[in-house]
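Reviewing the structure listed below.
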Amino acid sequence: MMYYKKIIFFICVFISFSSVAQRNQLTDLKVYTSIQDAYANRRTAMYVDLSNQNLNAVPNEIGSLSNLKRLNLGNNNISTLPRFFRNLRNLEELDLSQNNFRTVPNDLYRIRGLKVISFRNNEIGSISEWIGFLRNLERLNFQNNKLTSLPNSLCNLGGLEWLYLDNNRLTYLPPNLGNLSNLKILALSNNNLAALPTSINRLSNLYSLRLENNQIVSLNGIFSNQMIGLKYLNIGNNNLTSLPNEIGDLTNLSNLLMANNGIISLPASIENLGKLEAIWAEGNGLSNTDLDKIKGKKMK
């Protein structure tokens, strides 16, 4: 288990570092943790962090920060956004995690320059089709909400790189999810998915795919030789009885987690995974013959 956690940690760190150059400008900004200080410098304040301040509402002073680029309101008691929020035209990063949102406020969809949004740990049950207007989005986090489906317009976000949807109630994914051509991380663990759209096999930049703890019965058509970037695949704790031959097309895969399914045999193509470093296969019914196909890999 410790080795498993280290693998996940290093994957996240690696992908994070790949985007550091693009974000240096925002991370170097002066941080205001007091709304009074930010308001006193309202013409120059670009980064405000009001997380963990037991706020019940967004302070009105925020509306005067016309050059605001980064706003963290995480871990408060906020459930709505004021109307003036739509006027924050320069806002690029918004963290509303661990609040009391049940819906995504419509005014948010008017801020077309947004690149990063986090609604992690709220109670959101749906996302409007208007999400498709936010064409500059690069990272979107809806972990730990109550989503049952996703809008088709999500697939219009061609610049999206990180999509976190773990721990929801998803039963359905848009068929054109493969249009997210720049996607690097797709996290769908702990949902109610029984099937996946085959368009996923076009995601050539995908690095990490997490599908564990769902109800998936088949992966046919999900993999292809276009997925040259995939290194981490977790399909553990599903209802799989076999793996498709196309898994052998994932020639750059380094970590395969498929524990606790009903898999009783492996396709011969599994031997094509020459860069596979570790495989988690416990809780299946694999024979010694199948285990010989992955002989030499670090088994967990």
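Would you please put 146-159, 115-128 in order of how densely packed they are, using the mean number of other Cβ atoms within 10 angstrom per residue and starting with the highest? Spell out each step's value before the answer.
Values: 146-159: 16.9, 115-128: 19.1.
Descending packing order for the listed peptides: 115-128, 146-159.
Which of 46, 227 has the fewest other C-beta atoms within 10 Å, and how do the rest follow up to the most?
Working: 46 21, 227 24.
Final ranking by Cβ density, sparse to dense: 46, 227.
Hey, what did the chain get for relative contact order, percent, Cα under 8 Å, at least 6 apart? Provide the component values of the computation, followed by the final result.
On the way: 762 pairs, mean separation 22.8, N = 300.
Across the chain, relative contact order equals 8 percent.
In degrees from 0 to 90, rounded to the nearest 10, what is the angle of the helix 2-18 Cα long axis to the longest principal axis of the chain?
50 degrees
I want the local charge near residue 53. Using Cβ-Cβ distances under 15 Å, sum +1 for each Lys or Arg and -1 for each Asp or Glu among the other residues. Before the final figure, lay out the partial values.
Values: positive: none; negative: 37, 49, 61, 95.
Here the charged neighbours net out to -4.
Does the range 253-296 come out rounded, prolate or oblate by the C-alpha gyration tensor, with a ≥ b ≥ c the root eigenvalues, rounded set by a/c under 1.5 and, if not, prolate when a/b is larger than b/c and oblate if not? All intermediate terms of the calculation are to be shown ahead of the outcome.
Working: a/c = 1.92, a/b = 1.28, b/c = 1.50.
Judged from the Cα gyration tensor, the range 253-296 comes out oblate (a/c at least 1.5, b/c at or above a/b).
Counting Lys +1, Arg +1, Asp -1, Glu -1, what net charge surrounds residue 133 among other residues with beta carbon under 10 Å of its beta carbon? Write out the running numbers ahead of the final one.
On the way: positive: 110, 112, 135; negative: 129.
Within the 10 Å Cβ shell, the charges total +2.
Modelled label-to-label distance, residue 225 and residue 55, 7 Å Cα→beta-carbon offset: nm?
So the label points at residue 225 and residue 55 sit 5.3 nm apart.
Over all directions, average the projected area of the Cα convex hull of the range 2-299 and note it in nm². Can you show the working numbers first?
Numbers: hull surface 59.6 nm².
Taking a quarter of the hull surface, the average projection is 14.9 nm².
We did not get these values from a lab; they are worked out from the coordinates using the rules stated. Values in this document were obtained by computation on a predicted structure and should not be read as measured data. Heads up, the Cβs are rebuilt from the backbone with ideal geometry, glycines too, and the neighbour counts pull from every protein chain shown.
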